[in-house]
Amino acid sequence: MKTNQPNHAVETVAAPHVGVVHVHEELPFWRRYIFSTDHKVIGLQYGFTALLFLLFGYIMMMMMRWQLAYPDTEFPKYYFVLPIAAIGAIIILMSGIKPSINTLIGILLLGLAALINYIASGEERMPDGIMLPEFYNQLGAMHGTIMVFLGIVPLAVGAFGNYVLPLQIGAPDMAFPKINMASYWAYFVGGVIMLVSFFVPGGAANSGWTSYPPLADIATTGQTLWLFGMVFLITSSLLGSINFIVTVLQLRAKGLTFFRLPFFVWAQFVTAFLLLLAFPPLEAAAVLQLMDRLAGTSFYLPSGLIVSGQVLPNTGGGSPLLWQHLFWFLAHPEVYVLILPGMGIVAEVIANNARKPLWGYKSMVYSLIFLGFMSFIVWAHHMFLTGMGTAISAFFQTTTMIISIPSVIILSCLFISLYGGSIRFNSPMLFALGFLPMFGIGGLTGLPLGLATSDIHLHDTYYVIGHFHYVVAPGTIFALFAGIYYWFPKVTGRTLNETLGKIHFWGSFVCMNFIFFPMLIQGLAGVSRRLSDGGQQYSHAQGVFQLNEVMSVAAWVMAIFQIFFIINLFISIKKGKKASENHWEATTLEWAAAPTPPIAHGNFGIVPEVHRGPYEYSLPGNAKDYSPQNELVKE
């Protein structure tokens, strides 16, 4: 039986299993949990590290929001430091001060509190507690860098991809376990280099997360560390992407044809190609910028560049626009690296909790592939104001309008999949449902930015910030939360508390709209981004300046709702309600064939064989409303 969405009655019987997984010898602690080659441990390493970076990036945003709401007012740093230190101490005490993952996380939170205390002090950053514009620029650059490259992508791809993908295709591990381990540690080293940059003279990078030259070429030492950190992060992504592609191509279970793959696997597969093809140009660009800074070259420095009244000696022949082309050739596929894994997670959660097959599964897969291809020929819509000419502008605005079509198809299929379903409104489903309209708003607000004429007014305003954050915050991050709530029982054998999960969702949903929607209003009024006083000095911003306080309060309140998630996460690891083997009564292999939690270094007690599509829910004539992929089909 090859159809993915059968409409005829079938009878199912248990499938015989084939092949027994080899049992591995007991490994020492450092091999099991530190330098592990088990994809599940590596996924968890990525997950916890990325969540800590997301927390740090979020705190930097809250510091910026204080400056925007109350410019030139003393910063109350202990309101930010003490809660994090208290949560870290509580986690350590709850773990009984014994060696454990909870104790490690508690210690890292205490270290994070100390780091925030350090960067929020010092005359070169906050004289008399007042944030300097230069420090505001550092926070802006590092917030964007950390949230995208150290937070969302590693969580979406490194954590969920590593942990779930081999389980969903019936593989015992990733194709190259040691390369997988190297990928995580390259990411970790890159993250450490980024953090170290806060301690060097002049502070961290301050040229924006895009690192535009010529400013980035002449910036402080922190910019050099930013570039070195990016080289490690890009190398990590390249190692991981090769691993994902080979794993999907070579290690699928018997019977798991491409159109029997779960949509999550397709999303990770296409994402891996985006990483593999888009990141090398940026790595080359970073090396060239390092040479400009350290070796006296001028790849990005034009002739006659004057800084502080002096002509730079190594200028001549370079082009700042070269960096923009190389950066955005990566950064627009990178947007879809952020989005596609989220779409994959949402598809899994919606199909499972609507108790229906995904409507238009093949259309969604073809749209995913087309979207991945098109993402490489839209990058210059970020550069309409560089004087590229009307013909090229017309080309890129056309491709930008075209790329919206596959996104609309996927979103429409997810909405239609809900129709007629027996929907279960649990925590993962709420976050998945929240993703749909929020990503829709993010996509719709992007259309004016893709048109050369309207972009003249909107370019580099808060409208751009609002649009992008609607895509990645209540969009992708909601999808990631849906994935955490959905697969937590598989990872730990215990469930997260539903009440705390729903409080977390509703508080985050309301606050995010109060944070990001006013940005669209400010952008339409012409308020520029990257203003350390929020536009206070500009007359055209006066009518919308007070929205800064609304957005800031919403951001601080949303932080309170994240505490519910943190408490839920660490209490449930040990004391959550025990989950059954197939807690969500799902059809895919990670639930239907693998033990809960899965077996270390092997995943499956007995290797599964696939006989049907991934979403065979509520089939007519079946005694139960789900038919796992590893059950035989008897006509």
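The values are calculated or read from the model by the stated rules, or taken from the named source; none is laboratory data. The structure displayed is predicted, hence computed values, not measured ones. Cβ atoms come from the backbone with ideal geometry, glycine included; neighbour counts cover every protein chain shown. The area values use the complete protein model at the heavy-atom level, side chains included, leaving out ligands, DNA and RNA. Shrake-Rupley method; radii C 1.70, N 1.55, O 1.52, S 1.80 Å.
One line per residue, one yes/no per condition, for (1) in contact with a Pro (Cβ under 7 Å, 6 or more places away or on another chain); (2) open to solvent by 50 Å² or more (accessible area, probe 1.4 Å); (3) not basic (K, R):
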position	(1), (2), (3)
T224	no, no, yes
F232	no, yes, yes
T247	yes, no, yes
G255	no, no, yes
F299	no, yes, yes
G309	no, yes, yes
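Residues in region 55-69 include none that are more than 19 Å from the chain's Cα centre (by Cα), in a loop (DSSP other than H, G, I, E, B) and surrounded by fewer than 21 Cβ atoms within 10 Å (Cβ to Cβ). Taking the conditions exactly as written (in a loop (DSSP other than H, G, I, E, B) and modelled with pLDDT of 95 or more), does M174 satisfy them or not? So M174 fits the description; yes. Inside region 277-295, residues that are under 14 Å from A219 (Cα atoms) and either among the small types (G, A, S) or in contact (Cβ under 8 Å) with a residue 12 or more places away in the chain (or both) make up a count of 5.
Scanning region 279-322 for residues that are within 30 Å of F376 (Cα to Cα), polar (S, T, N, Q) and part of a loop (DSSP other than H, G, I, E, B) turns up T297, S298, S319. Out of S407, S412, I need the residue that is in a helix (DSSP H, G or I) and either surrounded by 20 or more Cβ atoms within 10 Å (Cβ to Cβ) or modelled with pLDDT under 95 (or both). Which one? Exactly one residue qualifies, and that residue is S407.
Filter region 562-600 for residues that are assigned to a helix (DSSP H, G or I), farther than 22 Å from F56 by Cα and either open to solvent by 60 Å² or more (accessible area, probe 1.4 Å) or in contact with a Cys (Cβ under 6 Å, 6 or more places away or on another chain) (or both) and give the result. Residues satisfying the conditions are K574, K575. Scanning region 601-635 for residues that are part of a loop (DSSP other than H, G, I, E, B), over 20 Å from K254 (Cα atoms) and in contact (Cβ under 8 Å) with a residue 40 or more places away in the chain returns S618, L619, P620, G621, N622, D625, E635.
Going through (1) closer than 28 Å to T390 by Cα; (2) free of Cβ contacts under 8 Å to residues at least 24 places away in the same chain; (3) among the aliphatic types (A, V, I, L, M) one by one, A541 falls short only on (1).
The set of residues in region 84-120 being over 16 Å from I573 (Cβ atoms) and not in a helix (DSSP H, G or I) consists of I97, A120. Is there a residue being farther than 20 Å from M60 by Cβ, assigned to a helix (DSSP H, G or I) and either at pLDDT below 95 or not hydroxyl-bearing (S, T, Y) (or both) anywhere in region 198-214? No, region 198-214 has no match at all. So in region 123-135, with the set limited to residues that are open to solvent by 30 Å² or more (accessible area, probe 1.4 Å) and in a loop (DSSP other than H, G, I, E, B), which one is nearest to A69 (Cα to Cα)? Checking each candidate, the answer is I130. Given the condition closer than 14 Å to E134 by Cβ, touching a residue at least 60 places away in the same chain (Cβ under 8 Å) and among the aromatic types (F, W, Y), answer yes or no: does some residue in region 198-216 qualify? Yes: region 198-216 contains one or more residues that are closer than 14 Å to E134 by Cβ, touching a residue at least 60 places away in the same chain (Cβ under 8 Å) and among the aromatic types (F, W, Y).
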